[in-house]
Amino acid sequence: YRMTQRGRCEDIDECLNPSTCPDEQCVNSPGSYQCVPCTEGFRGWNGQCLDVDECLEPNVCTNGDCSNLEGSYMCSCHKGYTRTPDHKHCKDIDECQQGNLCVNGQCKNTEGSFRCTCGQGYQLSAAKDQCEDIDECQHHHLCAHGQCRNTEGSFQCVCDQGYRASGLGDHCEDINECLEDKSVCQRGDCINTAGSYDCTCPDGFQLDDNKTCQDINECEHPGLCGPQGECLNT
Ligand SMILES: [Ca+2]
Ligand SMILES: [Ca+2]
Ligand SMILES: [Ca+2]
Ligand SMILES: [Ca+2]
């Protein structure tokens, strides 16, 4: 206290002197004062508590942008990152846990992003977040002697008659009918051709619908064994 001009006692406000509480908040009271530490997020300066600008500190809001708040701060996170519940940090989003990415492939989480590795028959979509079926029929000369049909994750050759799909399934191969069925020309000789086969018939046989050798019934020709003979077809 101090004496006023009128002779009364008056409280001295010690807090008017900045050096009273240089690093804390100064709280004046009748006849006294108190230096009170500032709460978190504030720092004492000449008896007052001032907001700390946390955004000026290094490594605040890594992978995001820092906004200073009175007594606090907040992070706005970059793409691929999300705020922690206290809004004070940015952490990587594990996109692979979302379940709808990299379908038909494998999802690998990375810091700030993710990566799809696509299985055979699939390619990365333009947005790089999915694996799309490759339309093999559009891009390659496949299925010679047949028609290419795109399927999910693969393709199929639908072969012309006389052809069948090769072991790898990428083209159509001639069927060697002469090897598959030794009796295909019956008594004739079989000659394989591309997409078909030919039969050549021995004497006494004729080609029937170009595919089998049929015995010729010579006795159907009248007068073959003369008036006295009887014709016996063999
Ligand atoms: Ca602050
Ligand atoms: Ca990630
Ligand atoms: Ca396909
Ligand atoms: Ca053939």
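The values are calculated or read from the model by the stated rules, or taken from the named source; none is laboratory data. Here the structure is a predicted model, which is why all the values come from computation and not from measurement. Here Cβ is always computed from backbone atoms with ideal geometry, including for glycine, and neighbour counts include all displayed protein chains. Only protein heavy atoms, including side chains, enter the accessible area calculation; ligands, DNA and RNA are left aside. Shrake-Rupley method; radii C 1.70, N 1.55, O 1.52, S 1.80 Å.
Worth pointing out:
- Restricting the range 130-178 to residues that are more than 15 Å from ligand 3 (Cβ to nearest atom) and hydroxyl-bearing (Ser, Thr, Tyr), the residue that is least open to solvent (accessible area, probe 1.4 Å) is Ser166.
- Within the option set Thr84, Thr110, Thr117, being β-branched (Val, Ile, Thr) and open to solvent by 50 Å² or more (accessible area, probe 1.4 Å) holds for one residue only, Thr117.
- Members of the range 88-109 that are within 14 Å of ligand 2 (Cβ to nearest atom), more than 23 Å from Glu152 (Cβ to Cβ) and either assigned to a loop (DSSP other than H, G, I, E, B) or aliphatic (A, V, I, L, M) (or both): Ile93, Asp94
- Which numbered condition Cys61 misses (of (1) on the phi < 0 side of the Ramachandran plot; (2) within 16 Å of ligand 1 (Cβ to nearest atom); (3) open to solvent by less than 40 Å² (accessible area, probe 1.4 Å); (4) not β-branched (Val, Ile, Thr)): (1)
- Some residue of the range 79-94 being among the aliphatic types (A, V, I, L, M), touching a strand residue (DSSP E or B) at 6+ places or on another chain (Cβ under 8 Å) and under 26 Å from Thr62 (Cα atoms): yes
- Residue within the range 32-47 that is open to solvent by 40 Å² or more (accessible area, probe 1.4 Å), under 30 Å from Arg2 (Cα atoms) and aliphatic (A, V, I, L, M) present: yes
- Output for the range 162-181, where each listed residue is within 14 Å of ligand 4 (Cβ to nearest atom) and among the charged types (D, E, K, R): Arg164, Glu173, Asp174, Glu177, Glu180, Asp181
- Neighbours by Cβ (under 7 Å, 6+ apart or cross-chain): first from the range 146-160, closer than 19 Å to Glu173 by Cβ; second β-branched (Val, Ile, Thr): Gly146/Val158; Gln147/Val158; Arg149/Val158
So that you can scan it fast, the table gives a plain yes or no per residue for (1) part of a strand (DSSP E or B); (2) touching a residue at least 40 places away in the same chain (Cβ under 8 Å); (3) touching a helix residue (DSSP H, G or I) at 6+ places or on another chain (Cβ under 8 Å); (4) more than 16 Å from ligand 4 (Cβ to nearest atom):
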{"site": "Asp203", "(1), (2), (3), (4)": "no, no, no, yes"}
{"site": "Leu207", "(1), (2), (3), (4)": "yes, no, no, yes"}
{"site": "Pro222", "(1), (2), (3), (4)": "no, no, no, yes"}
{"site": "Cys231", "(1), (2), (3), (4)": "no, no, yes, yes"}
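- Of the strands (runs of 3 or more DSSP E) lying entirely inside the range 1-68, those containing at least 1 residues that are among the small types (Gly, Ala, Ser) are 25-29, 32-36, 42-45.
- Condition met for Glu173 (farther than 30 Å from Asn217 by Cβ, under 16 Å from the mean Cα position of the chain (by Cα) and away from ligand 1 (no atom under 16 Å from the Cβ)): no
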